[in-house]
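S.K.: Can you keep this structure in mind? I'll have questions shortly.
The values are calculated or read from the model by the stated rules, or taken from the named source; none is laboratory data. Quick caveat, the model's predicted, so the values are computed rather than measured. Neighbour counts run over all protein chains shown; Cβ positions are idealised from the backbone, glycine included.
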Amino acid sequence: MVRVVLHPRDLAGCEHRLYLDHAYPDLARSRPDTPEAQRRKAAAADHRAAVREMIRGLHSDQAPGTVVLIDPDATHAARAEQTLSACAAGAAWIWNATLPTDREAGRRGHAELLIRDGDGYLPVIVVNHRASYPAKNPRRPTGTAGAKNGTDGTVPVADGDTNSGGAANGNESTNGNGAAQGNGGPKVTVTSPVWAWSPSADPTRNGRNQRRDLLRLAQLTAMLTELGLATSSDPARLRAGVIGLDADCIVVYEMASALTDYAEVFARRMAIAEQQVSTTPRRIGECRSCSWWERCGPELEQRRDVSLVVGANQSRILADAGITTIDQLAAHRGGPPDEWPGNARFDDAILTAIAWLQGIPLIRRLDTPVVRRADVEVDVDMESYGEHGAYMWGTLLTDTTDPTCEVRYRPFVTWQPLPTTDEGRSFGEFWTWLTAQRDAAHEAGKSFAAYCYSQQAENRWLLGSADRFAGAPGVPSRAEVEAFIGSAEWVDIYEAVGRNFICPNGKGLKRVAPVAGFTWRDADASGEASMDWYRDAVGLGGGVPDPTQRERLLEYNEDDVRATKVLREWITDGARAAVPHRDTLLAGRDA
């Protein structure tokens with residue numbers, strides 16, 4: 001029997017997807033990626049290419065052979081041969097390193113980088129998400145000042161233990177800080193500069209562990225060890241690294257505990273792939289972009305699986321308590337199962353099940369829905385391109401005291417490809433305009449409120465833009481932004497929806513606003529789709545900027561702010577009559 005070979009991507013995410021991929025390999029190969037998956041892959045490829053060129057530039061003044069680039073267009077076998085040859089020659093940095101497939105163990109893998117450390121190599125992967133973020137309270141670890149890798153060994157290194165036992169699920173680890181305890185001192189993150197392997201404690205950063213990354217690093221480390229290319233035979237001395245979206249450092253991990261976790265995950269995943277362990281579908285976040293959903297979705301609906309109305313973790317808890325169908329949950333009397341999370345209302349789960357059975361899109365929590373209103377109202381919607389910046393701030397101005405006043409949409413935008421300093425110009429103009437509208441309302445004796453949908457994104461870029469473009473015309477200080485977003489004049493309609501309603505189909509604007517009667521002009525409008533539109537609009541990747549896509553983005557942004565306005569007004573004026581109350585639905589079970 002030829003053993004299954006697992007790629008690192010097989011170690012995380014949905015177990016049933018892995019089962020189907022290996023049970024029906026021909027179908028798996030023929031299924032195209034979803035548009036969302038294609039966008040993610042394209043963005044990741046762009047990021048890797050940028051990091052590759054950065055590393056080449058950083059080492060351009062060094063001896064030939066310091067950085068070896070493995071030919072990406074060669075066959076897998078040829079790439080593996082080139083990688084082993086580069087290792088044998090003692091290359092310091094090997095880009096696009098491909099390791100020979102280990103068919104006996106059933107492992108396959110490649111690393112964006114192999115870095116030579118002593119007599120061996122350690123893997124470094126390049127990921128298209130943040131691997132660290134600035135520490136809120138930078139601290140200097142005790143007993144580790146100036147320590148470096150290869151000196152006294154006392155540097156407290158970011159630990160691979162994610163505290164999330166069991167099968168990998170691809171979620172961010174629960175500790176979330178990439179930290180480990182070192183010599184009894186405080187937890188710290190360890191980083192290395194991207195131009196040299198020189199790890200040291202970095203009190204200015206917190207790591208942002210993702211278990212998916214750690215499992216990939218563990219598989220690569222295990223393969224290097226088997227090939228005799230690892231830096232040590234002692235697991236306690238093995239390290240690996242991640243270059244994240246900012247690409248300004250390598251976040252360093254000790255691999256000992258990650259390798260222990262990996263061994264357990266690998267064994268279970270191998271058993272699933274070899275069809276020794278059967279699995280069943282359960283709806284999770286990954287389903288949104290999975291090509292198998294067209295198979296799993298109907299199966300889940302046919303058996304009315306409870307995972308269709310609650311989160312993945314909650315569905316596991318319910319299943320353990322014997323509640324596996326939506327009907328069972330809707331009919332449930334009494335309290336929640338023992339392991340039910342304290343931050344989730346169990347009645348909401350029951351009501352969501354009732355709503356699914358009856359086709360109800362929203363349920364009222366309150367007798368009369370309430371949302372803050374004002375004389376002068378400004379709806380705000382920000383558009384960003386991944387982590388690169390916010391290129392548009394769209395606004396919609398309404399004076400509720402004057403019906404003759406035009407409800408006017410105004411965008412503040414830069415079409416220079418991000419990142420660009422012109423982003424600061426557009427942000428400064430937006431803030432100046434918003435402040436002028438607020439001041440004018442106050443001077444006229446009118447109340448004022450600005451609205452967004454899910455302030456987490458807007459707040460992030462408001463604060464980040466104030467920091468990055470400090471001193472530019474119109475750009476406020478961080479303190480000014482903090483005062484505004486902490487005031488009653490900054491209103492999150494997403495939060496208002498959560499206070500007023502239970503949302504069986506989700507609380508996203510495009511899920512809720514249609515209930516209030518709003519329709520987007522573009523049937524394909526979505527945050528994911530806007531990423532493609534933006535690339536075409538500004539000509540990323542060397543393309544010619546497409547003005548039609550700019551118009552499409554402006555229309556999409558305008559519809560978003562108008563949807564927020566329509567939803568807010570509907571909550572005030574129409575929701576009480578249109579949406580059933582929770583108590584009515586619960587009582588109706590006994591009718």
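S.K.: For segment 1-28, what are the residues that are under 25 Å from the mean Cα position of the chain (by Cα), over 21 Å from G297 (Cβ atoms) and outside any helix (DSSP H, G or I)?
M.R.: Those that are under 25 Å from the mean Cα position of the chain (by Cα), over 21 Å from G297 (Cβ atoms) and outside any helix (DSSP H, G or I): L6, H7, A12.
S.K.: Looking only at segment 539-550, decide whether some residue is surrounded by 20 or more Cβ atoms within 10 Å (Cβ to Cβ) and assigned by TED's automatic domain parsing to the domain that holds A441. Show your work before the answer.
M.R.: We begin by selecting, within segment 539-550, every residue surrounded by 20 or more Cβ atoms within 10 Å (Cβ to Cβ); these are none.
No, because not a single residue in segment 539-550 is surrounded by 20 or more Cβ atoms within 10 Å (Cβ to Cβ) and assigned by TED's automatic domain parsing to the domain that holds A441.
S.K.: Restricting attention to segment 294-309, does a residue exist that is under 30 Å from E112 (Cβ atoms) and either crowded, with 20+ Cβ neighbours inside 10 Å or not assigned by TED's automatic domain parsing to the domain that holds A23 (or both)? Steps first, please.
M.R.: If we filter segment 294-309 for residues that are under 30 Å from E112 (Cβ atoms), which is where we start, we get none.
The answer is no, given that none of the residues of segment 294-309 is under 30 Å from E112 (Cβ atoms) and either crowded, with 20+ Cβ neighbours inside 10 Å or not assigned by TED's automatic domain parsing to the domain that holds A23 (or both).
S.K.: When segment 237-294 is examined, which residues are found to be in a helix (DSSP H, G or I) and aliphatic (A, V, I, L, M)? Give the derivation first.
M.R.: Taking segment 237-294 first, the residues in a helix (DSSP H, G or I) are 237, 256-273, 285-289, 293-294.
Within segment 237-294, A256, A258, L259, A263, V265, A267, M270, A271, I272, A273 meet the criteria.
S.K.: From the set of residues in segment 45-74 that are of a type in the set (V, I, T) and modelled with pLDDT of 90 or more, which is nearest to N96 (Cα to Cα)? Walk me through how you get there before you give the answer.
M.R.: At the first step, the residues of segment 45-74 found to be of a type in the set (V, I, T) are 51, 55, 66-68, 70.
Imposing the further condition that a residue be modelled with pLDDT of 90 or more reduces the set to 51, 55, 67-68, 70.
Values: V51: 11, I55: 12, V67: 11, V68: 9, I70: 5 Å.
Applying the filter and picking the extreme gives I70.
S.K.: Condition test on P123, is it at pLDDT 95 or above, closer than 23 Å to T225 by Cβ and surrounded by 20 or more Cβ atoms within 10 Å (Cβ to Cβ)? Step through it out loud before you land on a result.
M.R.: Numbers: at pLDDT 95 or above: yes; closer than 23 Å to T225 by Cβ: yes; surrounded by 20 or more Cβ atoms within 10 Å (Cβ to Cβ): yes.
Judged against the criteria, P123 is a match.
S.K.: Test each condition in (1) assigned by TED's automatic domain parsing to the domain that holds G118; (2) surrounded by 15 or more Cβ atoms within 10 Å (Cβ to Cβ); (3) within 30 Å of A23 (Cα to Cα); (4) not acidic (D, E) for I250 and report the one that comes out false.
M.R.: Result: I250 passes all but (3).
S.K.: Within the set of pairs 6+ apart or on separate chains, which have a first residue in segment 53-78 that is among the β-branched types (V, I, T), a second that is loosely packed, with under 12 Cβ neighbours inside 10 Å, and C-beta atoms under 9 Å apart?
M.R.: As it stands, the answer is V67/S60; V68/A89, since those pairs meet every condition given.
S.K.: Going through segment 369-385 one residue at a time, which ones are in contact with a strand residue (DSSP E or B) (Cβ under 8 Å, 6 or more places away or on another chain) and either among the aliphatic types (A, V, I, L, M) or assigned to a loop (DSSP other than H, G, I, E, B) (or both)?
M.R.: Just the residues of segment 369-385 that are in contact with a strand residue (DSSP E or B) (Cβ under 8 Å, 6 or more places away or on another chain), to begin with: 369, 371-385.
Scanning segment 369-385 gives P369, V371, R372, R373, A374, D375, V376, V378, V380, M382, Y385.
S.K.: Could you please tell me which pairs satisfy a Cβ distance under 7 Å, a separation of 6+ or placement on different chains, a first residue in segment 202-215 that is in the same structural domain as V265 (by TED's automatic domain parsing), and a second residue that is assigned to a helix (DSSP H, G or I) and among the small types (G, A, S)?
M.R.: L214/A258
S.K.: Test each condition in (1) touching a Lys or Arg at 6+ places or on another chain (Cβ under 7 Å); (2) surrounded by 18 or more Cβ atoms within 10 Å (Cβ to Cβ); (3) among the acidic types (D, E) for E558 and report the one that comes out false.
M.R.: (1)
S.K.: Now for a different question. Would you check if S426 is buried (at least 19 other Cβ atoms within 10 Å of the Cβ), of a type in the set (G, A, S) and modelled with pLDDT of 95 or more?
M.R.: Considered against the rule, which asks whether it is buried (at least 19 other Cβ atoms within 10 Å of the Cβ), of a type in the set (G, A, S) and modelled with pLDDT of 95 or more, S426 comes out as yes.
S.K.: Please enumerate the residues belonging to segment 328-364 that are in a loop (DSSP other than H, G, I, E, B) and in contact with a strand residue (DSSP E or B) (Cβ under 6 Å, 6 or more places away or on another chain). Walk me through it before giving the result.
M.R.: Of segment 328-364, the ones in a loop (DSSP other than H, G, I, E, B) are 331-345, 359-362.
Within segment 328-364, just L362 meets the criteria.
S.K.: Right, next: Among the residues of segment 29-50, how many are part of a loop (DSSP other than H, G, I, E, B) and either surrounded by 15 or more Cβ atoms within 10 Å (Cβ to Cβ) or within 22 Å of the chain's Cα centre (by Cα) (or both)? Walk me through how you get there before you give the answer.
M.R.: Step one: of segment 29-50, the residues part of a loop (DSSP other than H, G, I, E, B) are 31-34.
If we keep only those that are either surrounded by 15 or more Cβ atoms within 10 Å (Cβ to Cβ) or within 22 Å of the chain's Cα centre (by Cα) (or both) too, we end up with 31, 33-34.
Of the residues in segment 29-50, 3 are part of a loop (DSSP other than H, G, I, E, B) and either surrounded by 15 or more Cβ atoms within 10 Å (Cβ to Cβ) or within 22 Å of the chain's Cα centre (by Cα) (or both).
S.K.: Failed condition for R460, given (1) closer than 19 Å to D381 by Cβ; (2) buried (at least 18 other Cβ atoms within 10 Å of the Cβ), with all others met?
M.R.: Status for R460: all satisfied but (2).
S.K.: Can I ask one more? Go through the residues of segment 54-67 one by one and say whether even a single one is among the polar types (S, T, N, Q) and surrounded by 13 or more Cβ atoms within 10 Å (Cβ to Cβ). Step through it out loud before you land on a result.
M.R.: In the first step, residues of segment 54-67 are kept if they are among the polar types (S, T, N, Q); the result is 60, 62, 66.
Retained after the next criterion (residues that are surrounded by 13 or more Cβ atoms within 10 Å (Cβ to Cβ)): 66.
Looking for residues that are among the polar types (S, T, N, Q) and surrounded by 13 or more Cβ atoms within 10 Å (Cβ to Cβ), one finds at least one in segment 54-67, hence yes.
S.K.: Can you pull out the residues in segment 561-581 that are surrounded by 19 or more Cβ atoms within 10 Å (Cβ to Cβ), within 30 Å of A331 (Cα to Cα), touching a strand residue (DSSP E or B) at 6+ places or on another chain (Cβ under 8 Å) and not small (G, A, S)?
M.R.: Within segment 561-581, the first condition is being surrounded by 19 or more Cβ atoms within 10 Å (Cβ to Cβ), and the residues that meet it are 561-565, 567-568, 570-571, 575, 579.
Adding the requirement that they be within 30 Å of A331 (Cα to Cα) leaves 571, 575, 579.
Subset that is touching a strand residue (DSSP E or B) at 6+ places or on another chain (Cβ under 8 Å): 575, 579.
Within segment 561-581, just V579 meets the criteria.
S.K.: So, in segment 70-87, how many residues would count as being exposed (fewer than 15 other Cβ atoms within 10 Å of the Cβ) and either not in a helix (DSSP H, G or I) or not hydrophobic (A, V, I, L, M, F, W, C) (or both)? I'd like the intermediate steps shown before the answer.
M.R.: Start the filter on segment 70-87 by keeping residues that are exposed (fewer than 15 other Cβ atoms within 10 Å of the Cβ), which leaves 71-78, 85.
With either not in a helix (DSSP H, G or I) or not hydrophobic (A, V, I, L, M, F, W, C) (or both) added as a condition, the list becomes 71-76, 85.
Going through segment 70-87 one residue at a time, the tally reaches 7.
S.K.: Taking segment 389-434 on its own, how many of its residues are more than 30 Å from V544 (Cβ to Cβ), assigned to a helix (DSSP H, G or I) and not β-branched (V, I, T)?
M.R.: Residues flagged as more than 30 Å from V544 (Cβ to Cβ), assigned to a helix (DSSP H, G or I) and not β-branched (V, I, T) within segment 389-434 amount to 3.
S.K.: Right, here's the next one. If you scan segment 459-481, which residues turn out to be under 23 Å from D492 (Cβ atoms) and aromatic (F, W, Y)?
M.R.: Passing the criteria: only W461.
S.K.: So, one more: Residues of segment 279-311 being of a type in the set (G, A, S), touching a residue at least 40 places away in the same chain (Cβ under 8 Å) and in contact with a helix residue (DSSP H, G or I) (Cβ under 7 Å, 6 or more places away or on another chain), which ones? Before the answer, list the steps.
M.R.: We begin by selecting, within segment 279-311, every residue of a type in the set (G, A, S); these are 285, 289, 291, 297, 307, 311.
The next check asks that each one be touching a residue at least 40 places away in the same chain (Cβ under 8 Å); those that pass are 289, 291.
Selection gives S289 alone.
S.K.: Taking the options S233, S198, name whichever one is surrounded by fewer than 24 Cβ atoms within 10 Å (Cβ to Cβ), free of Cβ contacts under 8 Å to residues at least 12 places away in the same chain and farther than 23 Å from H7 by Cβ. Give the derivation first.
M.R.: Numbers: S198 fails: free of Cβ contacts under 8 Å to residues at least 12 places away in the same chain.
So the residue among S233, S198 that is surrounded by fewer than 24 Cβ atoms within 10 Å (Cβ to Cβ), free of Cβ contacts under 8 Å to residues at least 12 places away in the same chain and farther than 23 Å from H7 by Cβ is S233.
S.K.: So, C503, is that one of a type outside the set (V, I, T), at pLDDT below 95 and surrounded by 15 or more Cβ atoms within 10 Å (Cβ to Cβ) or not? Outline the logic, then answer.
M.R.: On the way: of a type outside the set (V, I, T): yes; at pLDDT below 95: yes; surrounded by 15 or more Cβ atoms within 10 Å (Cβ to Cβ): yes.
When the stated conditions are applied, C503 passes them.
S.K.: Of the residues A470, A390, only one is buried (at least 17 other Cβ atoms within 10 Å of the Cβ) and in the same structural domain as S530 (by TED's automatic domain parsing); which?
M.R.: Just one listed residue meets the conditions, A390.
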